[in-house]
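Below is one structure, written out as structure tokens; comments come after it.
Values in this text are rule-based calculations from the coordinates and carry no lab data. Here the structure is a predicted model, which is why all the values come from computation and not from measurement. All Cβ positions, even for glycine, are placed from backbone atoms using ideal geometry, and neighbour counts span all protein chains on display.
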Amino acid sequence: MFMNSRILPVLLLTLIAALPAVAQTLRSPRDSVALSLDTNRISINYGRPSMRGRRIMGELVPWDKVWRTGANEATHLTTNFDLTIGGVPLQRGKYTLWTLPSTSGWKLIINKQTGQWGTLYDEGQDYARFDAGVATLPATVETLTVRLKATGPASGVLQFLWENTMVSTTFEKNTGIRPVSPLDSSMVKFDGAVATVKYSKPSARGRTIWGVVVPYDSVWRTGANNATVFWCAADLTIGNATIPGGTYTLYSVPTSSALTLIVSKKAPGRAQYDREQDLARIPMEMEGTTTAIDPLRIWFDPAEGSDTWLKIGWADRVYKVKVRRQISD
């Protein structure tokens, strides 16, 4: 049986078109490395590019730009145990690994997004950024190599080696990992009437906060995990709004120069924000701070007279609005 003469040219063209992609895949094959520490296991899955006569650091891998730390699909880290890596607590799970090379030092980036191609990096998904060790190798490493080496019964080192550079960070099992965003609260009294804010306080962990971790012009939970809860025993005036005594959830919308506080009638919990439940939207004034605030902090500060400032501070910013008790006629 002979193939149709019209089909054969099409098939050949299809095969030829596919050759560059196949060749590229073969030039940077996928590989994995794993380390077992007792019953615990950590692994890295990555693409392995080779030098092939090219200059790597500062050219193929540019300075001061996030690099996939491999080739093709993003490099993935999987751990079945809680650990501390580079001084950052990391809960068991799957993450992607990236690096930020620089002539003055390297940063290792752990990102929560997984399954993506290596050029689809989303800074807003960063879990943590931290400094990594850098050393010059005595001999050239032709193909990117990842190593996981035990340094003790429950500790190890992660290394990336390519050309004449080795980037590394240490890790260890953490059986008492602290909450990444622990609960906190603040309280104030207005002539005996109590007002409290209960919230989870995330940390920067080397990340850019405003405009990235907390996007501009989008509703933010004003904390982490469950919704931030505001409770007042008396009627209050917050900024330009009257807030009757009761329990509310707080959201906010940051911009590059201000923040709008949203007082919502939505019940506390993990429920999604619902604009129909808005009680008030209150502008908050922004002020700078000479000392970085980390983790997030929400607190009350005395103001002039009987007024009190409600303040929200994180990284290099503090937002504030005046609060006072409503006086009945």
Can you tell which of Gly53, Gly105, Gly86 shows the greatest fluctuation in a Gaussian network model of the chain with Cα springs below 10 Å? Gly53
For each of Ser185, Ser43, Ser264, count neighbouring Cβ atoms within 10 Å of the residue's Cβ, then give the residues from fewest to most. Ser185, Ser43, Ser264
If you find the alpha carbon centre of segment 44-74 and of segment 197-271, how far apart are they in angstrom? 40 Å
State the answer as a single residue: which of Ser155, Ile109, Ala139 lies farthest towards the positive end of the charge dipole of segment 29-173, with beta carbon charges of +1 for Lys and Arg and -1 for Asp and Glu, about the Cα centre. Ala139
Within a 10 angstrom radius of the beta carbon, how do Thr151, Thr75, Thr136, Thr290 rank from fewest other beta carbons to most? Thr290, Thr136, Thr151, Thr75
If I model a spin label as a point 7 Å beyond the Cα along the Cα-Cβ vector, how far apart are those points for Tyr273 and Ile177 in nm? 2.8 nm
In the Gaussian network model of the chain, springs joining C-alpha atoms below 10 Å, which of Val146, Val180, Val194 carries the largest mean-square fluctuation? Val194
Scoring only Lys, Arg, Asp and Glu (+1, +1, -1, -1) among other residues with Cβ under 15 Å from the Cβ of Gly105 yields +1
For log10 I(q)/I(0) by the Debye sum over Cα atoms at q = 0.09, 0.13 Å⁻¹, with candidates [x] -0.46, -1.03; [y] -0.64, -0.99; [z] -0.55, -1.09, the value calculated from the shown model is option [y]
With angles folded into 0 to 90 degrees, how steeply does helix 7-27 sit against the dominant principal axis of the chain? Use alpha carbons for both and round to 10. 70 degrees
For Glu123, Glu276, which order do you get if you count the other beta carbons within 10 Å of each Cβ and list the fewest first? Glu276, Glu123
Add -39500 (n - 2.57) for each DSSP H run of 4 or more in the chain, then divide by its residues: what number comes out at 222 nm, to the nearest 500 deg cm²/dmol? -2000 deg cm²/dmol
Below 18 Å Cα-Cα, how many Lys pairs turn up in the chain? Only count pairs eight or more apart in sequence, or on different chains, if you could. 16
